[in-house]
Amino acid sequence: MQISRDILTRSYRAMRTIRDFEERLHVEFATGEIPGFVHLYCGEEASGVGVCAHLSDTDTIASTHRGHGHCIAKGVAVDGMMAEIYGRQTGVCRGKGGSMHIADLSLGMLGANGIVGGGPPLICGAALSHKLLKDNGVAVAFYGDGASNEGSTLESLNLATVWQLPAVFVVEDNGYGEATGASYACAGTQKDRAAGFGMPYFECDGTDFFAVYETAGEAIAHARSGKGPAMLHVHLSRWYGHFEGDAMTYRAEGEVARERAEHDCLVNFRKHVTEISLLEASALDDIDAAVKSEIDAAVAAAKVAPLPEEADLMRDVYVSY
């Protein structure tokens, strides 16, 4: 598998940005300055980035309540995202969406979604648009093992197959639907479910960027070529709780520590590309420093940005055609 230096550099920067963005939010949320809930994507960076590396701005994605990583992977501006999470007027949704409803339609990011299983139906609509407009576009739905049990998801798998839509359903399987183990809550396997709807099934290690990139490329190429939808099952682990404040008492002792020590996608990426001289360690260090500065600036700007005003409640509610 050949990956250009440009793609490798952009992918590392995206993963580093997600990691630092989320680690910083973990700290900032504890201050009480951020309204609402926050669900962090730490540990899952290679999945969103490996998939979105194959997408253009005109391709579309729908995310979950754990959507910061997908936003960054699709190219949404970090300063606008941070302001949105702080509920500020300068946010990408003018401070009215917050963490669970960040969207940027100009980049094909249809939004994070507080409704479990809310993304797959949206992607069916987006994929139908791509098909009818014949724009060669693909629509991707990210959802978790918990959402895989929702009727909306199963109906979407059926509809996408019946209409032969250019859609990819990405199951980000971190092993837990909130606090319930997937092994307990999910009957059968994701592969069985894909087979039940007659769609191709792809599977990969979500802690390995190169595995995700290669496998996602196959699934997306299948959908883009007009052969109908595909399912991509990504195995990964989240490092923080379902939400910030979750004590994670349902996880085994030492489980998260082992994941951090043995399955850090950023550490593994850096080790691989430097050992075979695809990228230099100094170049990666420069990216690390630049991303840290970008996150620092985004937090500082968000904290002093104006809050929405009362009149803003009725703005952007309806689209004028």
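Quick notes
- Residues that are in contact (Cβ under 8 Å) with a residue 12 or more places away in the chain and surrounded by fewer than 21 Cβ atoms within 10 Å (Cβ to Cβ), drawn from region 94-106: ARG94, LYS96, GLY97, GLY98, HIS101, ASP104, SER106
Every residue, every condition in (1) at pLDDT 95 or above; (2) basic (Lys, Arg), yes or no:
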| residue | (1), (2) |
| --- | --- |
| ALA182 | no, no |
| GLY206 | yes, no |
| ALA219 | yes, no |
| ARG224 | yes, yes |
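- Being open to solvent by 20 Å² or more (accessible area, probe 1.4 Å), in a helix (DSSP H, G or I) and without any contact (Cβ under 8 Å) to a residue 24 or more places away in the chain holds for only one residue in LEU122, LEU128, LEU154, LEU132, and it is LEU132.
- Of everything in region 207-236 that is touching a Lys or Arg at 6+ places or on another chain (Cβ under 9 Å) and open to solvent by less than 20 Å² (accessible area, probe 1.4 Å), the residue that is farthest from VAL267 (Cα to Cα) is MET231.
- Test: GLY217 is in a loop (DSSP other than H, G, I, E, B) and small (Gly, Ala, Ser): no
- The selection criterion, being touching a residue at least 40 places away in the same chain (Cβ under 8 Å) and under 24 Å from LEU8 (Cα atoms), holds for HIS70.
- Some residue of region 31-44 being free of Cβ contacts under 8 Å to residues at least 60 places away in the same chain and either assigned to a loop (DSSP other than H, G, I, E, B) or buried (at least 24 other Cβ atoms within 10 Å of the Cβ) (or both): yes
- Residue pairs meeting the criteria (Cβ under 7 Å; at least 6 apart or on separate chains; first part of a strand (DSSP E or B), in region 176-197; second open to solvent by 40 Å² or more (accessible area, probe 1.4 Å) and not basic (Lys, Arg)): GLY177/ALA185
- Residues in region 74-94 that are assigned to a loop (DSSP other than H, G, I, E, B), of a type in the set (A, V, I, L, M) and in contact with a helix residue (DSSP H, G or I) (Cβ under 8 Å, 6 or more places away or on another chain): VAL76, VAL92.
The values are calculated or read from the model by the stated rules, or taken from the named source; none is laboratory data. None of the values given here were measured: they were computed from a predicted structure. Positions of Cβ are generated from backbone atoms using ideal geometry, with glycine treated the same way; all protein chains shown enter the neighbour counts. Keep in mind that these areas ignore ligands, DNA and RNA; they rest on the heavy atoms of the full protein, side chains included. Shrake-Rupley method; radii C 1.70, N 1.55, O 1.52, S 1.80 Å.
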